[in-house]
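**Student:** Here it is, the structure, as structure tokens.
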Amino acid sequence: MEDCAGKEPLLKFFTSSRADFYRIFIIEGLLTFVVGIIAKFWIVDWLETAKFLNNEERALLIAQQAADSGDATMNRLDKAATKRIMKDWKIYVSSTWFLPRLLLLTLAIRLARSCISELPTQDELFQKS
């Protein structure tokens, strides 16, 4: 592979020895973005707006949901609902479970990044042989 010192940054990005990994991450990122956009229009929010149900099925499911939930409803998000959510102890307990794991994951990613950056490139491997 030729030296990329004088080339444009984007060309250097795609012709470096790690270009295959960069391409994989770009393709995965684009695929995730496209699936997210499609999911926004495909996933149904409420039973009342589900287009794939006919009126009979919709009425049956709404009645079943009403029987399951009783008086508890959470179909709005305003100041009072936000206040009620923030008073829920489970929010804080789950945060104390989540944040240490996030910290460990961040440390593991940094360790992996430093280990990968110390690996020899393809050019260095071929020069030794």
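Since every read-out is calculated from the coordinates, none of them should be taken as a lab result. Note that the structure is predicted; figures quoted are calculated from it, not measured. Neighbour counts are summed over all protein chains in view; Cβ atoms, including those assigned to glycine, are modelled from backbone coordinates with ideal geometry.
**Student:** In the structure shown, do any of Lys40/Lys83; Lys51/Lys83; Lys51/Lys87 have a Cα-Cα gap over 30 Å, and if so which?
**Tutor:** Lys51/Lys83; Lys51/Lys87
**Student:** In which sequence would Leu53, Leu99 go, from the one with the fewest C-beta neighbours within 10 Å to the one with the most?
**Tutor:** Leu99, Leu53
**Student:** So, one more: Could you tell me which GluC sites (Glu not before Pro) in region 31-129 are loop residues by DSSP with no more than 10 other beta carbons within 10 angstrom of their beta carbon?
**Tutor:** Glu118
**Student:** Hey, another quick one. Pop out the ³J(HN,Hα) list for region 84-101 in order, Karplus 6.51 cos²θ - 1.76 cosθ + 1.60 with θ = phi - 60°, rounded to Hz; leave Gly and Pro as x.
**Tutor:** So the Karplus estimates, Gly and Pro as x, are 5, 5, 6, 7, 6, 5, 5, 4, 6, 5, 5, 5, 5, 7, 7, 4, x, 5 Hz.
**Student:** OK, next. Out of region 29-94, which trypsin sites (Lys or Arg not before Pro) are coil in DSSP terms and have no more than 14 other C-beta atoms within 10 Å?
**Tutor:** Within region 29-94, the qualifying trypsin sites (Lys or Arg not before Pro) (loop, at most 14 other Cβ atoms within 10 Å) are Lys51, Arg76, Lys87.
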